[in-house]
Amino acid sequence: MRQFLKFVHDDNVYCKYYEVVYILFHTGMRISEFCGLTLKDLDMKNRIINIDHQLQRTSDMRLVIESTKTNVGTRKLPMSEGVFRCFQAIIEDREAPRYERVVDGYTGFLFTDREGLPLVAMHWEHRLNI
C-alpha cells in the first residue's frame, strides 16, 4: 500500500487523486460510500466521518442514495491525522458547483462533474485505471 500511495503521490497524472486514494486506503470505505459523502457527513471539528448511505447509479442512469450495504456498514469513522488533512485539502479545493444538485434530498457532494452531478464509482474507476 505504501508503495502504491507513493506512486500516486509522485506521478504527474495521478497526483491529483492522491487524497482520494489515501482516504479510501486508510478508512476502508467502499467507493460508493465515498461518492455519497457530503459536506454534512464530515465533522471536521471532532474528526468523524458519518457513513450512513451510499451513492449508486442505476441501470437507467439515475443517481440514487441507498442505505449502506449492511446494518454494520452504518458507522462513524474517526479521522486519522492524514485522513483529516486529505479532507481539508479536498474541501479547500472544492469549487462550489454552479447548480447544487439534489439526489434524494442530499446536497453538497465532495466531487461533482461539470453539470454539478456527483461523481459515482465508475468515474473513479476510469480515473484510477492504473
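Return only the number of the condition from (1) in contact (Cβ under 8 Å) with a residue 12 or more places away in the chain; (2) more than 18 Å from D41 (Cα to Cα) that D113 does not satisfy.
Status for D113: all satisfied but (1).
Taking into account only those residues within the range 1-29 that are surrounded by fewer than 16 Cβ atoms within 10 Å (Cβ to Cβ) and not in a helix (DSSP H, G or I), which is modelled with the lowest pLDDT?
M1
Any idea how many residues of the range 32-47 are assigned to a strand (DSSP E or B) and in contact with a helix residue (DSSP H, G or I) (Cβ under 9 Å, 6 or more places away or on another chain)?
1
May I ask you to list the residues in the range 84-129 that are in contact with a helix residue (DSSP H, G or I) (Cβ under 7 Å, 6 or more places away or on another chain), modelled with pLDDT under 90 and not in a helix (DSSP H, G or I)?
L128 - this is the single residue of the range 84-129 that is in contact with a helix residue (DSSP H, G or I) (Cβ under 7 Å, 6 or more places away or on another chain), modelled with pLDDT under 90 and not in a helix (DSSP H, G or I).
The values are calculated or read from the model by the stated rules, or taken from the named source; none is laboratory data. The model shown is predicted, which means the values in this text are computed figures rather than measured ones. Virtual Cβ from ideal backbone geometry, glycine too; neighbours counted across all protein chains shown.
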